[in-house]
Amino acid sequence: MGAGRPDGGSQQKGIAMKYLLIMHNNPEFIRSLPEETMKAIGAGHGAFMDTIRESGELIVTQALADPSTSRVVRVHDGARVVTDGPYLEAKEYLGGYYLVDVENEERALELAAMIPDASVEGLAIEVRAVMFSAGAEDVSG
């Protein structure tokens, strides 16, 4: 739920302002961080979640497993083909995200700067507007 409207959503000129705050990371880089830094990042995420939960801006957050656990599915001639590993060969992978409902892009950028990863050299937060959203409760059967 977003702040500021009786129905819980935030809107600007009739358009819901949902943003994905995306955390990309390099698993090798993450593993190289000192334990103290990792603990600080974890505590920072806990505090950040409390903040956006209390403000009503948090929709959902998810942290993803290491990309080495990924499976890639393709269908060739009607047969499912599953391979190990991430789809792309890259150093950085999607590590997790926060989906937020905010008043405007500036607030999304403000929230992104509060995520502890943004303060760690070598990490950053990508902010991307959501163009379409549906959940199980939105699907009529």
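Each reported figure results from applying straightforward, stated rules to the coordinates on display, with no laboratory input. The shown structure was predicted, so the numbers you read here are calculated from the model rather than taken from an experiment. Backbone-built Cβ (ideal geometry, glycine too); neighbour counts: all protein chains shown.
Table for the structure above
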quantity: For the range 11-133, the fraction of alpha-carbon pairs in successive 10 Å shells from zero, as %; calculated: 12, 37, 30, 16, 5, 0
quantity: Segments 63-74, 39-50, 100-111 sorted - mean Cβ within 10 Å per residue, highest first; calculated: 100-111, 39-50, 63-74
quantity: Percent of Cα pairs exceeding the 12 Å cut-off, where the set is the range 68-120; calculated: 76 percent
